[in-house]
1. What about residue 12, is it hydrophobic (A, V, I, L, M, F, W, C), open to solvent by less than 70 Å² (accessible area, probe 1.4 Å), modelled with pLDDT under 90 and over 23 Å from the mean Cα position of the chain (by Cα)?
2. Within the group 69, 44, which residue is under 20 Å from residue 121 (Cβ atoms), touching a residue at least 12 places away in the same chain (Cβ under 8 Å) and touching a strand residue (DSSP E or B) at 6+ places or on another chain (Cβ under 7 Å)?
3. Please go through the stretch 142-172 and pick out each residue that is in a strand (DSSP E or B) and either open to solvent by 30 Å² or more (accessible area, probe 1.4 Å) or in contact with an Asp or Glu (Cβ under 8 Å, 6 or more places away or on another chain) (or both).
4. Sort out which residues of the stretch 196-226 are part of a strand (DSSP E or B) and within 24 Å of the chain's Cα centre (by Cα), and write them in order of number.
5. Could you pull out every one of the strands (runs of 3 or more DSSP E) wholly within the stretch 20-128 that has 1 or more residues that are open to solvent by 50 Å² or more (accessible area, probe 1.4 Å), closer than 30 Å to residue 152 by Cβ and modelled with pLDDT of 95 or more?
6. May I ask you to list the residues in the stretch 173-187 that are surrounded by fewer than 21 Cβ atoms within 10 Å (Cβ to Cβ) and in a loop (DSSP other than H, G, I, E, B)?
7. With the requirement that a residue be farther than 19 Å from residue 163 by Cβ and open to solvent by 90 Å² or more (accessible area, probe 1.4 Å), what does the stretch 129-141 give you?
Amino acid sequence: MPRNRNTFSSLADWRRRAVTRAVHRCWRWMQNAGAVTAERPGRHRFGRIGRGTRIAFPQGTLFGEPWIHLGDHCIIGEQVTLTAGMMPGLDLGPEPVLRLGDGVVLGRGSHVVASRPVVFGNDVFCGPYVYVTSDNHSYDDPEQPVGRQWPRTAPVEIGAGSWLGAGAVILPGARLGRNVVVAAGAVVRGEVPDHAVVAGAPARVVRRWDPDSGWQPPLRTPPPVPIPEGVTPEQLLALAELDELNGRGAAPGTLDLSADR
């Protein structure tokens, strides 16, 4: 009797593993098939999808696609919302409303809502759940529900090379300069100069780059060590595994990055 029970248990475990593998394979296939690219736009008719740009599946809310222009080599994560206009079906005129430059990255669950021009410069990177909008509720009339009052709108511009941390909120009228760092959870409005770090709600400048004296206040961490030229992906993987072992208390070691050159 125990023998039969073990046999049935092994069979059930095998079936569960087989089902899990099948589900994962199916999901990977759906992710690949459902991704939106210039070659495979599906039902979406964007004003432009650049070469190498990919919108991951499953997508968030997408509408106003003719007024959305996506640059080359953009990475748009799962469940990202991209909308142009207050609602679907509006004629927004001849010019694009939402524009992403080349190499823009939008993390999972981010929202970009644009009824006025919203522009991302090249190589803007966003963490997950970033919210960028040209629209904000008004509350002028104390007798009306806030959600029923006509919103205030203003264009938004995010300078090239900027980084928006997880959960950052960029409000209408914000203008971020080049290479701006927005801390996670910050709420940004107004203008932010080039090469600045902002944090808080409302966000304020906490660090800036000065051409004569460098970062002020000075950075508290040493600069990252650049990867030596000619290092292979296999060597980087081995280095990461070594660091993980050292973190678990193994004896420190070194990795000869000059090997295999």
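1. Spelling it out, residue 12 is indeed hydrophobic (A, V, I, L, M, F, W, C), open to solvent by less than 70 Å² (accessible area, probe 1.4 Å), modelled with pLDDT under 90 and over 23 Å from the mean Cα position of the chain (by Cα).
2. Only one candidate qualifies: 69.
3. Selection gives 152, 153, 157, 163, 169.
4. Within the stretch 196-226, 196, 197, 198, 199, 204, 205, 206, 207, 208 meet the criteria.
5. Qualifying strands (runs of 3 or more DSSP E): 68-70, 98-100, 111-114.
6. 173, 177, 178, 179, 183, 184, 185, listed by residue number.
7. 137, 139, 140 - these are the residues of the stretch 129-141 that are farther than 19 Å from residue 163 by Cβ and open to solvent by 90 Å² or more (accessible area, probe 1.4 Å).
The values are calculated or read from the model by the stated rules, or taken from the named source; none is laboratory data. The structure displayed is predicted, hence computed values, not measured ones. Cβ: placed from backbone, ideal geometry, glycine included. Neighbour counts: every protein chain shown. Remember, those area values only see protein heavy atoms, side chains included, never the ligands or the DNA or RNA. Shrake-Rupley method; radii C 1.70, N 1.55, O 1.52, S 1.80 Å.
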